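> One structure, as structure tokens, below. Some questions next.
The values are calculated or read from the model by the stated rules, or taken from the named source; none is laboratory data. Since we're looking at a predicted model, the values are computed, not measured. Note that we place each Cβ from the backbone using ideal geometry, even for glycine, and neighbour counts take in every protein chain shown.
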Amino acid sequence: MIQSCGMTSAAFTIIWMKIQIEWHAIILSSLGATFGIIFGLQFVDDLLTGPEKKMLFVSIWFSFALSLFLLNTQKKRTTYEKVQEFCFWKGVVLFGIGIIGGLCSAFAGSGVDICAFSMLTLLFRISEKVATPTSVILMAVNTCVGFFWRQEYNTL
């Protein structure tokens, strides 16, 4: 709940200040993440032990660090403010990365933001200045879905 309040406040500020974000990623990845986090909370979370969850969380963060390292080794790379020539396969990728990120968020508390940031910057060459606020909004949506789902599921 704390994360959903903080991330939603940050998302509101980003939108209020009209900071550039990638709307395709927010909409499609949020839809995928909704399915991913609900499936993860209902079925996957109970299958993993505490140490397994910790190792998966560390692996997610390590992949994030590795992708940032790879990104920063390219000094004069071309970046964009939005996904160029958006098409069906790019939408499927964004939706799929949302599902994977939602599953990670279900057991680790964080995931869709890392997965989407990595995909946006490495595959679609989106500027970090756009990918960062986009990932914050994605995490805000995902934490709210997770919080409300867990709250409803626990009250049944």
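> Give me the residue from the stretch 65-109 that is out of contact with any helix residue (DSSP H, G or I) (no Cβ under 9 Å at 6 or more places or on another chain) and basic (Lys, Arg) and, out of that set, modelled with the highest pLDDT.
Lys76
> Return the pairs, sorted by first residue and then second, in which the second residue is of a type outside the set (A, V, I, L, M), the first residue lies in the stretch 61-79 and is closer than 21 Å to Cys104 by Cα, the beta carbons are less than 6 Å apart, and the residues are 6+ apart or on different chains.
From the stretch 61-79, the pairs are Ser67/Ser118.
> While we're here: For the stretch 6-17, does any single residue satisfy the condition of being touching a Ser or Thr at 6+ places or on another chain (Cβ under 6 Å), modelled with pLDDT of 95 or more and closer than 21 Å to Leu94 by Cα?
no
> Has the stretch 54-76 got any residue that is of a type in the set (Gly, Ala, Ser) and outside any helix (DSSP H, G or I)?
No.
> Can you find a residue in the stretch 110-125 that is surrounded by fewer than 17 Cβ atoms within 10 Å (Cβ to Cβ), of a type in the set (Lys, Arg) and either in contact (Cβ under 8 Å) with a residue 40 or more places away in the chain or part of a loop (DSSP other than H, G, I, E, B) (or both)?
yes
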